[in-house]
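Accompanying notes for the structure given below.
The values are calculated or read from the model by the stated rules, or taken from the named source; none is laboratory data. Just so you know, these numbers come straight off a predicted model, no measurement behind them. When we count neighbours, we look across all protein chains shown, and the Cβ atoms used for this are built from the backbone with ideal geometry, even at glycine.
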Amino acid sequence: MHWRILLLLTFLTVVGNRASSQVNRIAEKELSCARLHAKIVDLHYSDPDSAAIYSDRFEKEFQRLITSKPATFDYKFSKLVDSNFCFIRMSPDKNLKIYSWDTWLGGTMHEFRTIYQWRHNGVIYSENRPVNGDIGSYCSGIYNVTTGGKSYYLVITNAIFSNKDHSQTITAYTINGNKLEDKAPIFHTNGNALSAISINFDFSSVADRPERPLQLIVYNESSRTLYIPFVGKSDQLTPRKFIYQLTEKGFEYTGMR
């Protein structure tokens, strides 16, 4: 009996040491990425060509880290987050994690890159976005909802086209094994079924709001209600909101208030 206990303790020690070693390697890579991103910010105005080189290096090194080491899914990346180099959001059910960062390659139009990482049946998958020249957006929040017996992820993203022109979008995602799908038409309005809803607005109309990132599109979990702000003339955000109620068919538009 004693040798079995000894064998188990040895096994647990080896596993623990391996896990600790892996976390240490991720931490070293995070520090390297943080130093690269600091260079981007420092050189953005004074030497944009060099900043672009560091931005490319950061993107490749960070993507390689996430895609090659599944243990990053449970790693917090405190250095990158606390330095405001990267937005990282985790879904409430701990199955979807989204990394977003500013490349600093644009001017007043910001270019963002995103890595989606998810867990299905204990396996970690990842995907880099955007593609095809899209300027990208950063993720500021993730909600979990269940309707019709299926789980959905409501992802809030933000794009910056200029100092004035911004947008915020809510997109419904589903996890389908090794695929993260964003074509889930659960928003129902005026006879249409949509997988995403966007608002375009003048940033000056919300610049005095205290919260950052802006919380414009909001889902209230207790009342199962989704609020979409109404944008008025000249892209000015108004206090009025479109109301969607979560039912077994999805989010049904119920009116404005």
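Key figures for this structure:
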{"read-out": "Matching strands (runs of 3 or more DSSP E) fully within the stretch 190-257 where at least 3 residues are surrounded by 14 or more Cβ atoms within 10 Å (Cβ to Cβ)", "value": "196-202, 225-231, 237-247, 250-256"}
{"read-out": "Among residues of the stretch 134-181, those that are closer than 13 Å to residue 112 by Cβ and assigned to a loop (DSSP other than H, G, I, E, B), counted", "value": "5"}
{"read-out": "Among residues of the stretch 180-189, those that are loosely packed, with under 14 Cβ neighbours inside 10 Å and at pLDDT 95 or above, counted", "value": "2"}
{"read-out": "Matching option when the condition is closer than 20 Å to residue 108 by Cα, assigned by TED's automatic domain parsing to the domain that holds residue 109, in contact with a strand residue (DSSP E or B) (Cβ under 9 Å, 6 or more places away or on another chain) and modelled with pLDDT of 95 or more, among 218, 206", "value": "206"}
{"read-out": "Condition met for residue 153 (in contact with an Asp or Glu (Cβ under 6 Å, 6 or more places away or on another chain) and under 22 Å from residue 227 (Cβ atoms))", "value": "no"}
{"read-out": "Neighbours by Cβ (under 7 Å, 6+ apart or cross-chain): first from the stretch 25-43, free of Cβ contacts under 8 Å to residues at least 24 places away in the same chain; second among the polar types (S, T, N, Q) and part of a helix (DSSP H, G or I)", "value": "43/50"}
{"read-out": "Near pairs, Cβ below 6 angstrom, 6+ apart or cross-chain, from the stretch 241-254 (within 15 Å of residue 199 (Cβ to Cβ) and in the same structural domain as residue 198 (by TED's automatic domain parsing)) to any residue that is part of a strand (DSSP E or B) and hydrophobic (A, V, I, L, M, F, W, C)", "value": "242/228; 242/256; 244/226; 244/251"}
{"read-out": "Given (1) in the same structural domain as residue 170 (by TED's automatic domain parsing); (2) polar (S, T, N, Q); (3) surrounded by fewer than 21 Cβ atoms within 10 Å (Cβ to Cβ), number of the condition residue 78 does not satisfy", "value": "(1)"}
{"read-out": "Residue 45 being at pLDDT below 95, among the aromatic types (Phe, Trp, Tyr) and out of contact with any Gly (no Cβ under 6 Å at 6 or more places or on another chain)", "value": "yes"}
{"read-out": "Exclusive hit being within 22 Å of residue 181 (Cα to Cα), β-branched (Val, Ile, Thr) and touching a residue at least 60 places away in the same chain (Cβ under 8 Å), set 156, 98", "value": "156"}
